[in-house]
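Colleague: Please read through the structure below; I'll follow up with questions.
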Amino acid sequence: MSYIIASDLNQALQILRDSKGQARVIAGATDLFLQTLPAELVDLAELYETTQLEESGGLLSIGSAVTHASAARSLLIRSKAAALAEACAMIGSPQVRNIGTIGGNVANAAPAADAAVALVALGAKAVITDIEGQTREEAVEELYAGYNRSVIDSSSEIIGRLVFKPCAAGEGSAFMRFAPRRALALPLVNVAARIRVSGRRIEAVRMVAAPVKPAPTRLFETEALLQEIIPGHEIWAKVEEAAASEVEVRGSILRCSGQYRRHLVGTLAERVLKEAYQRACASDGGET
Ligand SMILES: Cc1cc2nc3c(=O)[nH]c(=O)nc-3n(C[C@H](O)[C@H](O)[C@H](O)COP(=O)(O)OP(=O)(O)OC[C@H]3O[C@@H](n4cnc5c(N)ncnc54)[C@H](O)[C@@H]3O)c2cc1C
């Protein structure tokens, strides 16, 4: 087996091109090392393009090889994309967070991947370059081809970065999950939301839950309940009910029943939306 630490994106793409499908991108390896390894591995951890985390041109740009630990402690992400910082802070354990990456979390396409769920709520797109040198942007939720299957072919395509509009004044986001333990446990349910307010009135909301379908799933009916209103006690109760009834959840013998998971979606949806709303109102200068 050969292991090459690429020095720039072009070199990484060249290696993939020359290997004709025999090489694969590797980042933190926390998912990849559990699978059958290919003949060649191309490491992205030292590329300038995949390790930068910045705000420019009105967008937050997060290199695909940024680790969960870096994202969780980044002041930029904590202040302008709190949902992502919260998601990254809950992944695995300190060891996993120190090496696992945001791009790997997205490309691995697990239905309840924590960082991916937060990114969908934030409206993130992946910037993908293929071995022909073509670059395209795709919404993170569009990258799922099925359970644990990505549309990204990591032997010929590289996610360079994830981009989205940072939360501005009057916007807030939040992420919560429920898992059997506080560390080293995959979530039974995770939920994320992004809200924009004007005064205390909700102008826009994105709400996502997983694992509901192969990809992190928008809860459109729940979102619709909150459009253009100033939410009060009654609405939050309706949100819990709407979120629980709009999802079609599967149970599993190993993890929990579908009924329990549905209950968790409702409970977490209400909590996450309230938190995101409070943050949005606070950043708008309003009271909650
Ligand atoms: C003990 C343990 C606990 C875990 N707990 C959680 C958890 O709580 N929540 C959670 O969401 N995940 C969890 N994970 C899963 C894992 O840590 C994450 O999915 C991680 O983010 C994957 O990133 P990586 O850098 O390790 O990817 P890798 O394993 O290196 O790669 C994963 C896949 O993505 C491809 N890939 C990686 N980067 C790119 C890129 N830039 N472009 C194209 N393809 C790419 C690889 O070829 C491979 O197919 C856990 C894993 C372990 C081992």
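Colleague: Can you say whether ALA145 is in a helix (DSSP H, G or I) and more than 10 Å from the ligand (Cβ to nearest atom), as far as the supplied structure shows?
Modeller: Spelling it out, it is not the case that ALA145 is in a helix (DSSP H, G or I) and more than 10 Å from the ligand (Cβ to nearest atom).
Colleague: Now for a different question. Please verify whether the stretch 273-286 includes one or more residues that are within 17 Å of VAL191 (Cβ to Cβ) and not in a helix (DSSP H, G or I).
Modeller: no
Residue-by-condition table, conditions (1) more than 24 Å from GLU142 (Cβ to Cβ); (2) not hydroxyl-bearing (Ser, Thr, Tyr):
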site	(1), (2)
ILE5	yes, yes
GLY21	no, yes
VAL25	no, yes
GLU40	yes, yes
THR51	yes, no
ALA65	no, yes
LEU75	yes, yes
ARG97	yes, yes
ILE102	no, yes
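Colleague: Scan GLU241, GLU234, GLU203 and give me the residue that is touching a helix residue (DSSP H, G or I) at 6+ places or on another chain (Cβ under 7 Å) and more than 26 Å from VAL106 (Cβ to Cβ).
Modeller: Going through GLU241, GLU234, GLU203 in turn, the sole match is GLU241.
Colleague: Sticking with this structure for a sec: For the stretch 1-73, list the strands (runs of 3 or more DSSP E) that sit wholly inside it and hold at least 2 residues that are within 24 Å of ILE91 (Cβ to Cβ) and basic (Lys, Arg); which are they?
Modeller: Values: elements: 2-5, 23-26, 40-43, 53-56, 59-63.
Qualifying strands (runs of 3 or more DSSP E): none found.
Colleague: Something else about it: I'd like to verify a number: residues in the stretch 88-109 that are in contact with a strand residue (DSSP E or B) (Cβ under 9 Å, 6 or more places away or on another chain) and either β-branched (Val, Ile, Thr) or near the ligand (Cβ under 6 Å from one of its atoms) (or both), how many?
Modeller: Final tally of qualifying residues: 9.
Colleague: Further, regarding this structure: Which of the strands (runs of 3 or more DSSP E) contained wholly in the stretch 155-226 include at least 3 residues that are within 14 Å of the ligand (Cβ to nearest atom) and under 30 Å from TYR3 (Cα atoms)?
Modeller: 157-164
Colleague: Tell me the residue from ALA72, ALA12, ALA82, ALA39 that is touching a helix residue (DSSP H, G or I) at 6+ places or on another chain (Cβ under 8 Å), closer than 16 Å to GLY103 by Cα and in contact (Cβ under 8 Å) with a residue 12 or more places away in the chain, please. If you could, list the steps in order and put the result at the bottom.
Modeller: Values: ALA12 fails: touching a helix residue (DSSP H, G or I) at 6+ places or on another chain (Cβ under 8 Å); ALA82 fails: closer than 16 Å to GLY103 by Cα; ALA39 fails: closer than 16 Å to GLY103 by Cα.
Criteria check complete, one pass: ALA72.
Colleague: Within the group ALA85, ALA115, ALA121, which residue is part of a helix (DSSP H, G or I) and within 8 Å of the ligand (Cβ to nearest atom)? Lay out the reasoning, then the answer.
Modeller: On the way: ALA85 fails: within 8 Å of the ligand (Cβ to nearest atom); ALA121 fails: within 8 Å of the ligand (Cβ to nearest atom).
Exactly one residue qualifies, and that residue is ALA115.
Values in this text are rule-based calculations from the coordinates and carry no lab data. Fair warning: this is a prediction, and the values are worked out from it, not measured in the lab. Note: ideal-geometry Cβ built from the backbone for every residue, glycine included; neighbour counts use all protein chains shown.
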